[in-house]
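Notes for the one structure printed next.
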Amino acid sequence: MTKPALKAGVIGQPIDHSLSPYLHGFWLDEYAVDGEYSSFSIESKNLDAFLKGVVDQGWRGVNVTLPYKQSVLELVDQADDNALRIGAVNTVVVQEDGRLFGTNTDGFGFLENLKDHVPNWNASAGPAVVLGAGGAARAILVALQDSGAPEIRLLNRTKARAEKLAQELGGVIKVYEWENRAKILAEAETLVNTTSLGMHGQAPLDIDLADLPVRALVNDIVYTPLETNLLISAKQRGNVIVGGLGMLLHQARPGFFSWFGINPKVTDALRKHVIMALKK
Ligand code: ATR
């Protein structure tokens with residue numbers, strides 16, 4: 001008897017724009033895994049039943065995207081420390097006993113993307129500036145804290161949101177006024193944009209980089225466009241820049257490994273494949 005294909009997928013709403021099926025599909029082909037990865041638009045009231053169905057039907061697990069990353073944390077049987085601190089789950093793995101295990105790989109994706117492009121980047125080298133205080137910022141702040149950033153300067157248009165995050169996460173996070181975003185760049189080693197500014201259809205991120213040391217690494221988690229205005233300005237003045245697509249690609253690796261048993265690589269071929277899907 002042949003074994004049934006290993007099954008996984010991504011759940012969210014809306015789900016049409018998810019790139020996860022393209023990247024997991026690429027890896028399934030590349031590593032000749034007898035597996036399937038599909039996307040599912042789920043209504044909030046059906047989330048719990050869907051996850052139970054995932055177990056009953058013998059799936060390996062799912063990725064979770066907006067708007068369910070927080071609610072799935074409440075629905076899994078067990079969550080790791082990372083998911084608990086971030087307050088959100090992006091990867092669910094069905095255990096052998098049928099229990100659902102939730103983790104969050106966004107911070108891993110963020111760090112691996114930086115290391116992939118700038119192997120000698122080191123969070124502990126100096127202060128990091130993080131713009132934005134949404135869900136993505138949360139994962140990145142935890143990752144920067146865990147990597148030994150000596151100081152994290154957090155700025156958000158809505159300051160109260162940044163203050164709440166800083167209070168919850170503690171450690172070396174200090175909140176500054178959004179209006180002071182240019183001045184706060186002095187002596188920074190890392191600058192990360194986690195806001196949606198600069199994304200296709202959004203206003204550009206308006207920030208004067210004059211005070212940012214030229215040795216600093218500049219990362220934008222926005223990947224549409226692949227090179228945002230922030231990255232273009234940073235490159236022009238000599239900073240090393242890293243785009244956001246790699247974070248998406250790397251965050252997918254632990255899930256693929258847990259479900260399909262292979263630690264997949266982020267290659268130029270994968271990048272090209274996903275960029276083609278972005279252009280569709
Ligand atoms: P995600 O969970 O993906 O990070 P989000 O929670 O919607 O998304 O967060 C979007 C981020 O972009 C927030 O930090 C938001 O700032 P507010 O908390 O003040 O809303 C930021 N953002 C969006 N539009 C902005 C704008 N025009 N100017 C400044 N910041 C903006």
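The values are calculated or read from the model by the stated rules, or taken from the named source; none is laboratory data. All values derive from a computational prediction rather than experimental measurement. Here the Cβ is made from the backbone with ideal geometry for all residues, glycine too, and neighbour counts use every protein chain on show. Remember, those area values only see protein heavy atoms, side chains included, never the ligands or the DNA or RNA. Shrake-Rupley method; radii C 1.70, N 1.55, O 1.52, S 1.80 Å.
Here is a list: Gly132, Gly126. Which entry is within 11 Å of the ligand (Cβ to nearest atom) and either open to solvent by less than 10 Å² (accessible area, probe 1.4 Å) or touching a residue at least 60 places away in the same chain (Cβ under 8 Å) (or both)? After applying the criteria, what remains is Gly132. For the range 1-52, a residue qualifies if it is among the hydroxyl-bearing types (Ser, Thr, Tyr), in a helix (DSSP H, G or I), open to solvent by 50 Å² or more (accessible area, probe 1.4 Å) and under 26 Å from Glu96 (Cβ atoms), but none of them does.
Screening the range 199-256 for residues that are in a strand (DSSP E or B) and away from the ligand (no atom under 15 Å from the Cβ) and picking the one that is most open to solvent (accessible area, probe 1.4 Å) gives Val240.
Got at least one residue in the range 53-69 being in contact with a His (Cβ under 9 Å, 6 or more places away or on another chain), open to solvent by 40 Å² or more (accessible area, probe 1.4 Å), touching a residue at least 40 places away in the same chain (Cβ under 8 Å) and not in a loop (DSSP other than H, G, I, E, B)? Outline the logic, then answer.
Within the range 53-69, the subset in contact with a His (Cβ under 9 Å, 6 or more places away or on another chain) is 63.
Subset that is open to solvent by 40 Å² or more (accessible area, probe 1.4 Å): none.
Within the range 53-69, not a single residue is in contact with a His (Cβ under 9 Å, 6 or more places away or on another chain), open to solvent by 40 Å² or more (accessible area, probe 1.4 Å), touching a residue at least 40 places away in the same chain (Cβ under 8 Å) and not in a loop (DSSP other than H, G, I, E, B).
Only one entry of Arg138, Arg181 meets the criterion of being over 26 Å from Thr267 (Cα atoms) and under 14 Å from the mean Cα position of the chain (by Cα), and that entry is Arg138.
Only residues that are open to solvent by 50 Å² or more (accessible area, probe 1.4 Å) and more than 10 Å from the ligand (Cβ to nearest atom): list them for the range 149-163, please.
Quick first cut of the range 149-163, residues open to solvent by 50 Å² or more (accessible area, probe 1.4 Å) only: 150, 157-161, 163.
Pro150, Glu163, listed by residue number.
With respect to Gly98, determine if the residue is more than 16 Å from the ligand (Cβ to nearest atom) and either modelled with pLDDT under 95 or at positive phi (or both). So Gly98 passes the test. Exactly one residue among Asp80, Asp116, Asp97, Asp146 is open to solvent by 20 Å² or more (accessible area, probe 1.4 Å), in contact with a Ser or Thr (Cβ under 7 Å, 6 or more places away or on another chain) and acidic (Asp, Glu), and that residue is Asp80. Sub-7 Å Cβ pairs linking a first residue in the range 151-178 that is closer than 12 Å to Gly132 by Cα to a second residue that is open to solvent by 70 Å² or more (accessible area, probe 1.4 Å) and within 12 Å of the ligand (Cβ to nearest atom), at least 6 apart or interchain, are Val175/Glu163; Trp178/Arg157, ordered by first then second residue.
Filter the range 184-198 down to the residues that are within 16 Å of the ligand (Cβ to nearest atom) and closer than 13 Å to Glu151 by Cα, then identify the one that is farthest from the chain's Cα centre (by Cα). Here the answer is Ile184.
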